[in-house]
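Peer 1: Shown below is the structure under consideration.
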Amino acid sequence: MMRIAIASDHAALDLKRALYDWLTEAGHEVADLGPHDATSVDYPDYGYKLAAAVAAGEAERGIALCGSGIGISIAVNRNPACRCALVSEPLSARLSREHNDTNVLALGARLTGIDMAKACVDAFLTTPFGGDRHVRRVTKLSNPVFAKDPA
């Protein structure tokens, strides 16, 4: 079982609650970083909060939710310790782990139904990082100074 942090904006509150319940029933330790009611909030605040929790090691993985998933994924990716992938189906979730060693998954509540969201989260949580040739590429994601000009 994993320690997972989950956060959303007001538009994804229902999806967050459903995923929180599903994950805790499966035995995961889930930290709900908010919000806790439907009052309008700014997704960057919750994306930054989630990213800080993952970066600090308070959670092994994070799940970031907003209406489209786009804004909160951008906020999470501002933290160099986080690799957040916005997905809408399980294959992308699996490949984000296998190839990119993502530690945060983003979903859009207005675009992804609960069953599909669960399938994406399951793929994200159960797929290991592939290592090998992907290591140097992932290193470049968090340390762009190591990236070489391909030209």
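Bear in mind that the values in this text are calculations on the coordinates, not laboratory data. These numbers come from a predicted model, not from an experiment. Glycine gets a Cβ as well: all are built from the backbone with ideal geometry, and neighbour counts include every protein chain shown.
Peer 1: Of VAL30, THR112, SER96, which is farthest towards the positive pole of the chain's charge dipole, taken about the Cα centre with +1 and -1 on the beta-carbons of Lys, Arg and Asp, Glu respectively?
Peer 2: So the residue we want is SER96.
Peer 1: Set the Förster distance to 22 Å, then compute FRET efficiency between ASP122 and ALA38 from the Cβ-Cβ distance, nearest 0.05.
Peer 2: Here the calculated transfer efficiency is 0.25.
Peer 1: Would you mind classifying the stretch 30-119 by shape? Square roots of the alpha carbon gyration tensor eigenvalues, ordered a ≥ b ≥ c; an a/c under 1.5 is rounded, otherwise it is prolate if a/b is larger than b/c and oblate if not.
Peer 2: Judged from the Cα gyration tensor, the stretch 30-119 comes out oblate (a/c at least 1.5, b/c at or above a/b).
Peer 1: Still on this structure, please answer the following. Once label points are set 7 Å from the Cα along Cα→Cβ at both ALA81 and HIS99, what is their separation, rounded to one decimal in nm?
Peer 2: So the two model labels end up 2.7 nm from each other.
Peer 1: Continuing with the same structure: Take the Cβ-Cβ distance between THR24 and LEU111 as r, set R0 to 30 Å, and report the resulting FRET efficiency rounded to the nearest 0.05.
Peer 2: 0.80
Peer 1: Can you work out the FRET efficiency for the pair MET2 and VAL135, with r the C-beta to C-beta distance and R0 = 25 Å, to the nearest 0.05?
Peer 2: Once rounded, the FRET efficiency stands at 0.70.
Peer 1: Kirkwood hydrodynamic radius (Cα pairs, Å) of the chain?
Peer 2: Final number for the Kirkwood radius of the chain is 15.2 Å.
Peer 1: For the chain, set up a GNM with springs between Cα atoms under 10 Å and report which of PRO90, PRO80, PRO44 has the largest fluctuation.
Peer 2: PRO80
Peer 1: If you don't mind, there's one more thing I want to ask. Please give the helix 114-126 orientation as an angle from the longest Cα principal axis of the chain, in degrees from 0 to 90, rounded to the nearest 10.
Peer 2: Around 40 degrees separate the two axes.
Peer 1: When we measure straight from the Cα of LYS16, which aspartates and glutamates land under 18 angstrom away, once same-chain ones fewer than 8 places off are left out?
Peer 2: GLU25, GLU29, ASP32, ASP37, ASP42, ASP45, GLU60, GLU89, ASP115, ASP122
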